[in-house]
1. Below 14 angstrom from the Cβ of Phe354, what's the summed charge of the other residues (Lys, Arg +1; Asp, Glu -1)?
2. Are any of the pairs Lys113/Lys173; Lys118/Lys305; Lys305/Lys344; Lys242/Lys473 more than 24 Å apart by Cα-Cα distance, and if so, which?
3. Count the net charge of all other residues whose Cβ sits under 9 Å from the Cβ of Ser207, scoring Lys and Arg as +1 and Asp and Glu as -1.
4. If the only charges are +1 at each Lys and Arg Cβ and -1 at each Asp and Glu Cβ, what is the size of the charge dipole of the range 67-196 around the Cα centre, to the nearest 20 debye?
5. In a shell of Cβ-Cβ distance under 10 Å around Asn98, excluding Asn98 itself, what net charge do Lys and Arg (+1) and Asp and Glu (-1) give?
6. List the chymotrypsin sites (Phe, Trp or Tyr not before Pro) in the range 350-382 that DSSP assigns to loop (not H, G, I, E or B) and whose Cβ has at most 11 other Cβ atoms within 10 Å. Which are they?
7. Using modelled backbone amide H atoms (1.01 Å from N, in-plane), which distant-in-sequence or interchain residues come within less than 5 Å of Gln212's amide H?
8. Could you work out what % of the accessible surface of the range 330-399 is carbon and sulfur, using a 1.4 angstrom probe and leaving DNA, RNA and ligands out of the count?
Amino acid sequence: MEEKKFDLNSLIGFVLLGAIMLWWMYTNQPTPEELEAEKNKKTEQVQEEIVPLNNTSSNTSEKIVQATDSLSLVKAKNQLGVFAYNASLSDAETIIENEVLKLVISNKGGQIKEALIKNYVTYDSLPLYMIKDNNASFNINFGTSDNRTLNTKDLLFEPTLTTNGENQVLSMKLKVSEDKFLEYRYEIKPTEYMVDFNIRSQGLNTSINTSQQVILDWNLEGYRHEKSIRYENQQTEMYYEKEDENIDYLSVGGEDDAEEIDVNWVAFKQHFFSTILISEKAFEKANLASKSLVEDEEIDTTHTKAFYLRAPLALEGGELNYNMNWYIGPNDYQILKKYDRNIKEVVNLGWGIFGYINRLVFIPVFNFLQGFIGNYGLIIILLTIVVRIFMSPLVYKSYLSSAKMKVLKPEMEEINKRLPGKENAMKRQQETMALQSKAGVSPLAGCIPAVLQMPVFFALFRFFPSNIDLRQKGFLWADDLSAYDSVFELPFNIPMYGSHISLFPILASIAIFFYMRMSQSQQMNMQQPTQEGMPDMQKMMKMMMYFSPVMMLIFFNMYASSLSLYYFVSNLLTITIMLIIKNYIIDEDKIHAKIQENKKKPKKEGKFRQRLNEAMKQAQEQQAQQKKRK
């Protein structure tokens, strides 16, 4: 075998080839400008990897990992398909605001991340946020043409902020290409709590699976804003307008829901502030739910209730097109009634006649007084005086009827003595009614004025707790007329009463005790003598005289101090009016003379009285026949 020898020519050839290669690489290396351009190109390719949300929790934040190489882009495309177009965007935020409202919109989900209501603060003087720290989620769930199921809350939207006159306009686009996208459009006007909000898609009919339902999910956990979380929770509820424009609401206590109803708007209403989603086109077959988050008032001090809306969105030609509005602001009746969508009904002024009285009487009178009086405690006192002046004729009528019955009482007692026993009950009643008719006295005359005053009582029971103008306005020792007026904190909690002592409910309870004591004396004059076999009404009335003040003391301890102030002043004024009527207006001698004069006059019985007398006469005859058979 021939031995190989070292080849010098081959070595020289390899060295020359290496030198030529090094020269070529040196002469073709990129310039500094080319290196900077390459760096920018790589930056454009950087994108973020999105980890899907856990669908069971609307408040779980998703981790967004910034991509560092082309592998992340591939992973995002595998995960999101064509909806990975915006994957290179950052999870940035855009602010739109005016004089009354500030909204922070996140690229992630294109949704409101923070909603701050300006010019208001919480009970502990902190900024008043309706949305913050992931307490709310707005999401659209949809299927894609390549069999994926995506949630907008996981995806990145591209923001574009412009102006439309004085309005700020923010367009948030979830793109699949430059001219194909899902858009959320926000437009905020100066000094307005109402924000225009549109959802529309363009060119997505081939990207969205039109055979799969597109679902809107909106939920929010309401923050505590007021002094008493128990009282605030009682006033926190979900309102909604059905497609027939009737207003309904879910129960304020515990859990409640409504399934597959058509709604025009849904309000997550807290005591004095609301977040309302209004749609020009009704949400069909929507599911609503609310749940109280306050189980222990000592522990659960951050949130009041959780609200949920789930509704399918209709596609038109494979595209979405919904014109909506957000109302994020105070439950101020004067502000809400400016809008033609009936959202003023979230202010609970009472149903039926109670609401009419508040809208037509008390709100205009209160606003009139508010125009030139700055002290809201004085406004309540003046409003109470106005109410009692207008109610005084009814008090007079009631007291006059009582005085007439007092004059007739000896004669009615004489009838009872003359016709004793159960067997004479019908005849005794008939003669008593005949005496009253002849004298021109009706026992109902004293009841009717009291009944007519009840709508005013219940209307004001709704008016004061719903009036946001009283919020954080002080009077005397009460620092907030919309909350309880604590003068002493107890070291323990009393069930139903609380862990504090409020003074206005104590004063109102004392006033109502003396009022009921005077009223009881008045009603005893009107009360017919107790008949055999009938319950003793005097004992029942005496029990109520003690029971009612105790109930007011217990239940009103947590209520708005404005309401207790009204009842205190109202009862004092009523007592004063009754004393004036009794001592300076009513003359029992003149009443007695008038009754005697009425007895001499022929009295024509009304048709109702005639029918009643005939019925009693027939009953008396039947009773007599039954006795004969025995």
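The values are calculated or read from the model by the stated rules, or taken from the named source; none is laboratory data. No experiment lies behind these values; they were computed from the predicted model shown. Cβ atoms come from the backbone with ideal geometry, glycine included; neighbour counts cover every protein chain shown. Just so you know, the surface numbers come from the protein's heavy atoms only, side chains and all, with ligands and any DNA or RNA stripped out. Shrake-Rupley method; radii C 1.70, N 1.55, O 1.52, S 1.80 Å.
1. Within the 14 Å Cβ shell, the charges total +1.
2. Violating the 24 Å Cα-Cα cut-off are Lys242/Lys473.
3. My count for the surroundings of Ser207 gives 0.
4. Taking the Cα centre of the range 67-196 as origin, the dipole is about 400 debye.
5. Net local charge, Asn98 excluded: -1.
6. Qualifying residues, ordered by number: Trp351, Phe372.
7. Answer set, sorted by chain and number: none.
8. 67 percent
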